[in-house]
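Participant: Okay, handing you the structure first.
The values are calculated or read from the model by the stated rules, or taken from the named source; none is laboratory data. Everything quoted here is computed from the prediction, not taken from an experiment. Cβ placement follows ideal geometry from the backbone for every residue including glycine, while neighbour counts extend to all protein chains displayed.
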Amino acid sequence: MKQSIDQILNRKSMENTEIFNDKNYFANKMKNYGLPVPEEKIYIKIPNARAIFENSFRHFLSKENKELVWFPEYEEVVKWIEDNDGRGLLLYGDCGRGKSMISRYVIPSILFAYKNKVICIKTAQEMNIVLDDVLEKKLISLDDIGTEDILNKFGNKRLALAEIMDAVERKSKLIIISTNLSGREIEQRYGTRTMERIISTTKRIEFKGDSLRR
């Protein structure tokens, strides 16, 4: 039986509606043909984030017999924990204001406890030593960026942070970076392209003020 023009148009309309309602339609079609598709970003949304952040921070400070002193920039970290909008985190600026403890201990402990996510945590020097392993991870925390040497492997120079940020952007990885460098110093050391990738993939929080180590 031949289909009428109206029947054909109605069928096409239903197919188009199905495509429109299926947000994974195009990605699935591409995957079926072995084509690359963007990877899913990692979204973090944790209610009651301030209390959780304070409790975790106090716990790790107590290991050093220190008390929590609340800085304004911590409010921005809390907002990121409440809703990261699929972005990582750059903590930069003046030293001695808790950036390393937040990136190495506080945030990783919170994401593990409340989201069951394990972060690969490395210092800048460790990043150089195990760069290829770091590049395989989906969640990465790098502490004290700017203190590492240029990686020279088998006579080939590699810019570790540049490689990592390229992977973060291409593969939708979540990265947390702490550094005592300013924004301008980051760009001068690692280049405009790496800085642009940091800007596009992270929320940036500047730490300004006196060091607690004094």
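Participant: Inspect the range 90-97 for any residue being basic (Lys, Arg), in contact with a strand residue (DSSP E or B) (Cβ under 8 Å, 6 or more places away or on another chain) and under 15 Å from Ile175 (Cβ atoms) and give the result as yes or no. Give the steps one after another, and end with the answer.
Facilitator: Going residue by residue through the range 90-97, those that are basic (Lys, Arg) are 97.
Next, from what is left, pick out any that are in contact with a strand residue (DSSP E or B) (Cβ under 8 Å, 6 or more places away or on another chain): 97.
Among the residues that remain, those that are also under 15 Å from Ile175 (Cβ atoms) are: none.
No.
Participant: Next question. If you scan the range 200-214, which residues turn out to be surrounded by 13 or more Cβ atoms within 10 Å (Cβ to Cβ) and farther than 14 Å from Ala167 by Cα?
Facilitator: Matches in the range 200-214: Lys203, Arg204, Ile205, Glu206, Phe207, Leu212.
Every residue, every condition in (1) within 22 Å of the chain's Cα centre (by Cα); (2) in the same structural domain as Glu196 (by TED's automatic domain parsing), yes or no:
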position	(1), (2)
Phe26	no, no
Lys31	no, no
Ile42	yes, no
Ser62	no, yes
Asn65	no, yes
Glu73	yes, yes
Val77	yes, yes
Glu82	yes, yes
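Participant: May I pose another question? For the range 24-70, name all the residues that are surrounded by 14 or more Cβ atoms within 10 Å (Cβ to Cβ) and among the aromatic types (Phe, Trp, Tyr).
Facilitator: Answer for the range 24-70, where residues must be surrounded by 14 or more Cβ atoms within 10 Å (Cβ to Cβ) and among the aromatic types (Phe, Trp, Tyr): Phe53, Phe57, Phe60.
Participant: So for the range 128-144 (the condition being in a helix (DSSP H, G or I), within 28 Å of Asp83 (Cβ to Cβ) and under 16 Å from the mean Cα position of the chain (by Cα)), does at least one residue qualify?
Facilitator: Keep residues of the range 128-144 that are in a helix (DSSP H, G or I), which gives 128-129, 131-135.
From what is left, the residues that are within 28 Å of Asp83 (Cβ to Cβ) are 134-135.
Then keep just the ones that are under 16 Å from the mean Cα position of the chain (by Cα); that gives 134-135.
Checked the range 128-144: at least one residue is in a helix (DSSP H, G or I), within 28 Å of Asp83 (Cβ to Cβ) and under 16 Å from the mean Cα position of the chain (by Cα).
Participant: For the range 104-122, indicate whether the set of residues that are among the charged types (D, E, K, R), over 20 Å from Glu185 (Cα atoms) and in a strand (DSSP E or B) is non-empty. Please lay out each step first, then the result.
Facilitator: Residues of the range 104-122 that are among the charged types (D, E, K, R), as a first pass: 104, 115, 117, 122.
When the remaining residues are screened for being over 20 Å from Glu185 (Cα atoms), the result is 104, 115, 117, 122.
Checking which are in a strand (DSSP E or B) leaves us with 122.
Yes; the residues of the range 104-122 include at least one that is among the charged types (D, E, K, R), over 20 Å from Glu185 (Cα atoms) and in a strand (DSSP E or B).
Participant: A further question follows. Of the residues that sit in the range 156-183 and are within 22 Å of Met101 (Cβ to Cβ) and more than 14 Å from the chain's Cα centre (by Cα), which one is surrounded by the fewest Cβ atoms within 10 Å (Cβ to Cβ)?
Facilitator: From the range 156-183, those within 22 Å of Met101 (Cβ to Cβ) are 161, 164, 174-183; that's our starting set.
Then drop every residue that is not more than 14 Å from the chain's Cα centre (by Cα), which leaves 179-183.
Values: Thr179: 26, Asn180: 19, Leu181: 18, Ser182: 14, Gly183: 16.
Restricting to residues being within 22 Å of Met101 (Cβ to Cβ) and more than 14 Å from the chain's Cα centre (by Cα), the top hit is Ser182.
Participant: Of these, Val130, Val106, which one is surrounded by fewer than 16 Cβ atoms within 10 Å (Cβ to Cβ) and among the β-branched types (Val, Ile, Thr)?
Facilitator: Values: Val106 fails: surrounded by fewer than 16 Cβ atoms within 10 Å (Cβ to Cβ).
Every option except Val130 fails the conditions.
Participant: Based on this model, can you work out whether Ile150 counts as in contact with a Gly (Cβ under 6 Å, 6 or more places away or on another chain) and aliphatic (A, V, I, L, M)? Before you say what the answer is, go through the steps one by one.
Facilitator: Numbers: in contact with a Gly (Cβ under 6 Å, 6 or more places away or on another chain): no; aliphatic (A, V, I, L, M): yes.
So Ile150 fails the test.
Participant: Only one residue in Ser103, Ser62, Ser109, Ser56 is at negative phi, of a type in the set (S, T, N, Q) and in contact with a strand residue (DSSP E or B) (Cβ under 8 Å, 6 or more places away or on another chain). Which one?
Facilitator: Values: Ser62 fails: in contact with a strand residue (DSSP E or B) (Cβ under 8 Å, 6 or more places away or on another chain); Ser109 fails: in contact with a strand residue (DSSP E or B) (Cβ under 8 Å, 6 or more places away or on another chain); Ser56 fails: in contact with a strand residue (DSSP E or B) (Cβ under 8 Å, 6 or more places away or on another chain).
Criteria check complete, one pass: Ser103.
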